[in-house]
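Everything below concerns the one structure shown next.
The values are calculated or read from the model by the stated rules, or taken from the named source; none is laboratory data. Please read these numbers as outputs of a predicted model, since none were measured by experiment. Here Cβ is always computed from backbone atoms with ideal geometry, including for glycine, and neighbour counts include all displayed protein chains. To get the accessible areas, we keep the full protein, side chains included, count just its heavy atoms, and leave off ligands, DNA and RNA. Shrake-Rupley method; radii C 1.70, N 1.55, O 1.52, S 1.80 Å.
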Amino acid sequence: MPALIAAKRGSCDLQHFGKAVSCMREQSTRDLIIRLESTADALTLWALHLELDKREVPPCLRWPANDATRQAEFITLLADLLWFCRRNPEHRPRFRGWRDLLNQPPASARWHHCAHRQFLFIAARRSVSHWCATGLDLSDQQRQDLMTLETNAMRASRRALEPRQFAGLRERLECHSRRHPDKSGRVTPAQVASRRALLWRTYVLAGRSPTRAVEFWALLSGEELTRQALSKQIALVAEILRKERLTAS
């Protein structure tokens, strides 16, 4: 990352980049997350992650990950590492290479160098998710907040949130909403479906914990929702999905 910063300083794009970073502070959290997937400039992608980290938005909520290039994959891993290192300074990794990382100030030049060295070594040989988590000696609970360093179970659960599957979920929820419209008439079936789909997405990314999902929903939307209110909506979505599976079988 220091090399990217140095390159940006020497380019004619520097002023535009500075304005873009300043504007991030005024954007909603949800808009920043949406930008992550399509941002092609590596330094802008990292700046988005830094802003979300400041807002205490865990990497797992920054879905879907930008994996368009190997560089984008590395930056997503960096976002995981930054989140973990800043919040677990006393953690003791299993392997020495990762201990070097934890011994550096997060986001410093030396920290970036250590992270890049580890990535290059692992990416050419093994699964980044498994071997980084193994080397760092992360528990499943610690991995829950992360994007790249997910467990196999987390990956399987999140697969239902991939664009095509998620669009299908929203369509099914809208069909249900049309059959059971809002009694007040103030909310359209499409709006009800979109909200329920986003609540379900948040619930899945929270490891299916209603307590965590309520916290995450507040981070994403600014709306304070009770656990009971969220659980009611989640139960409804789960029932719709259950009936669909029964019909399909």
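Mind checking segment 104-156 for trypsin sites (Lys or Arg not before Pro) that DSSP puts in a loop (not H, G, I, E or B) and that have at most 11 other Cβ atoms within 10 Å?
Those that pass, being in a loop and sparsely packed, are Arg125.
With a 1.4 Å probe and all protein chains in place, put Glu150, Glu224, Glu244 in order of accessible area, largest first.
Reading off the accessible areas and sorting them downward yields Glu224, Glu244, Glu150.
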- [ ] Just reorder Trp217, Trp131 by solvent-accessible area, largest first, 1.4 Å probe, all chains present.
- [x] Trp131, Trp217
Task: Overall form of segment 60-204 per C-alpha gyration tensor (a/c, 1.5; a/b vs b/c) - done: prolate
- [ ] Please arrange Phe17, Phe216 by accessible surface area, largest first, computed with a 1.4 Å probe and ligands excluded.
- [x] Phe17, Phe216
TODO: Can you pull the one-decimal nm distance between simple spin-label points at Arg178 and Ala218, each 7 Å off the Cα toward Cβ?
DONE: 3.7 nm
Task: Near-label residues of segment 92-106 by backbone N, under 18 Å of a point 7 Å along Cα→Cβ of Arg126 - done: 92-102
Task: Length-normalised contact order of the chain in % [C-alpha pairs under 8 Å, at least 6 apart] - done: 15 percent
Open item on the list: If each DSSP helix of 4+ residues adds -39,500 (n - 2.57) and the sum is divided by the residues in the chain, what number results at 222 nm, nearest 500 deg cm²/dmol?
Closed with: -21500 deg cm²/dmol
- [ ] May I ask you to derive the FRET efficiency for Ala160 and Arg195 from their Cβ-Cβ distance with R0 = 22 Å, giving the value to the nearest 0.05?
- [x] 0.80
Task: Reachable aspartates and glutamates from Lys54, criterion Cα separation under 18 angstrom, eight or more residues apart if same chain - done: Glu26, Asp31, Asp80, Asp145, Glu215
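Shape verdict for segment 39-106, please, from the Cα gyration tensor: rounded (a/c under 1.5), prolate (a/b greater than b/c) or oblate.
On the way: a/c = 2.21, a/b = 1.59, b/c = 1.39.
In terms of gyration-tensor shape, prolate.
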- [ ] Can you tell me the dipole magnitude for the chain around its Cα centre, using point charges on the Cβ only (Lys, Arg +1; Asp, Glu -1), in Debye to the nearest 20?
- [x] 480 debye
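Under a 1.4 Å probe, what is the accessible area of the chain per residue, stated in Å²?
55 Å²
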Task: Reported label for calculated Kirkwood radius over Cα pairs in Å given (i) 21.0; (ii) 19.7; (iii) 18.6 - done: (ii)
Task: Contour minus Cα-Cα distance for Leu50 and Val21 (0.36 nm per residue) - done: 9.4 nm
- [ ] Rounded to the nearest 10 degrees, what's the angle between the helix 189-205 long axis and the longest principal axis of the chain, both from Cα atoms, 0 to 90?
- [x] 40 degrees
Open item on the list: If I build a Gaussian network model for the chain, linking alpha-carbon pairs within less than 10 angstrom, which residue out of Gln118, Gln104, Gln191 has the largest mean-square fluctuation?
Closed with: Gln191
Open item on the list: Ignoring ligands, DNA and RNA, please state the percent of accessible area on segment 193-240 from carbon and sulfur, probe 1.4 Å.
Closed with: 54 percent
